[in-house]
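Reviewing the structure listed below.
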Amino acid sequence: MTKNALITGITGQDGSYLADLLLEKGYKVYGLRRRTSVPILENIEHIQNEIEFIEGDLLDLSSLIRAVQVSNPDEVYNLGAQSFVATSWDQPILTGQATALSVTNMLEAVRIVKPEARFYQASSSEMFGKVVETPQKETTPFYPRSPYGVAKVYGHWMTVNYRESYDMFACSGILFNHESPRRGIEFVTRKITNAVARIKLGLQQELRLGNLDALRDWGYAKDYVECMWLMLQQDTADDYVIATGETHSVREFCEIAFGYVGLDYQDYVVTDPKFFRAAEVDLLLGDPSKSINKLGWNPQKTTFKELVQLMVDKDLERVARNTNNNQSNVLGK
């Protein structure tokens, strides 16, 4: 029997890879999409005709109730949020609404319409913030260091609360940093690989970054969405850390990305205090043991070096294509 899945944040990095995965598995995929004057569909352009979109907003409970009624989901993946940490200091109230209260809205819509549906909440390693132990695992206490991290803690504990209060199958995946060519350009990894492509092609001279010594546990988003799906296939709902168990610095990311195209990052990267966080998170390193042992998930399917090179390749292709298109437009071709 075909399963129905409802994905919020379907046009984002994780939502698009998850939609790919579920369609391959034969699911009927519904995507919640907030109405905008110009739809942003780049990440799902290749599958948009296979998805049924439902207009709604995570801050509007009535639209979420309707979305659950229309999709009649067996599985709900709540990935939508204000997900850029830096923006959360500039827009803390919006972040609280879009990243925290929205989780309650989604859980409540599911509880009201179809409480037997399995629910996935996208939690974040940013909840650990000023870490109290390394590596971080499911039982590590939270100490968020940004409005975004605080909002994610709220959403995480609300998911636990609905699981325990209403016996709902509700899980949280505590995802450490996960990247891909579909990552937003404002995130440091895409900022780096896009700059590498532009510098290599003579379109940019330098790259300004913040803390080059910040350490992160970086994985491939396409691999991580498989773990999300596995969580909802278990007999019992639970929470899992999704990570690689390896840590790398922003500096190392730059070194590999620039080196891949024959350049030395030190010739182009400039440290700019403007890009330092108001409260820095120096080290995030996840312990994926539970995901490996209970879900059978492989966190090392794509290595860190392979991920960086994949992102550089895609940005080289994208920048070259856009440059050629712009030149053709200028020439009237």
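Straight-line reach from Lys294: taking Cα to Cα under 28 Å and skipping same-chain neighbours fewer than 8 places apart, the lysines in range are Lys3, Lys25, Lys28, Lys114, Lys130, Lys137, Lys152, Lys222, Lys305. In the elastic network of the chain, a GNM with C-alpha springs shorter than 10 Å, the most mobile of Gly149, Gly12, Gly184 is Gly184.
Placing pseudo-labels 7 Å out from each Cα toward the beta carbon at Asp313 and His46 gives an inter-label distance of 1.2 nm. Electrostatic tally near Tyr27: other residues with Cβ closer than 9 Å to its Cβ, Lys and Arg +1, Asp and Glu -1, net 0. Ligands, DNA and RNA left out, the accessible area of the range 26-131 computed with a 1.4 Å probe is 48% carbon and sulfur. With semi-axes defined as the square roots of five times the eigenvalues of the C-alpha gyration tensor, the equivalent ellipsoid of the range 1-146 measures 26, 17, 16 Å, largest first.
Between Rg and the Kirkwood Rh of the chain, both from Cα atoms, what is the Rg to Rh ratio? Expressed as Rg/Rh, it is 0.97. Note on the chain: helix-only mean residue ellipticity at 222 nm, from DSSP H runs of 4+ residues weighted -39500 (n - 2.57) and normalised by residue number, equals -12500 deg cm²/dmol.
Just to verify a number: FRET efficiency for Ser165 and Gln205, C-beta to C-beta distance, R0 = 45 Å, to 0.05? E between Ser165 and Gln205, to the nearest 0.05, is 0.20.
Using a probe of 1.4 angstrom and keeping all protein chains present, the accessible surface of the range 101-188 works out to 37 square angstrom per residue. Here the mean projected area of the convex hull built on the C-alpha positions of the range 125-281 is 10.2 nm².
The charge dipole of the chain, taken about the Cα centre with unit charges on the Cβ atoms of Lys, Arg (+1) and Asp, Glu (-1), comes to about 600 debye, rounded to the nearest 20.
Within the shell defined by Cβ-Cβ distances under 15 Å, the residues around Lys294 carry a net charge of -4, with Lys and Arg each +1 and Asp and Glu each -1.
The values are calculated or read from the model by the stated rules, or taken from the named source; none is laboratory data. No experiment lies behind these values; they were computed from the predicted model shown. Heads up, the Cβs are rebuilt from the backbone with ideal geometry, glycines too, and the neighbour counts pull from every protein chain shown. For accessibility, only protein heavy atoms count, side chains too; no ligands or nucleic acids. Shrake-Rupley method; radii C 1.70, N 1.55, O 1.52, S 1.80 Å.
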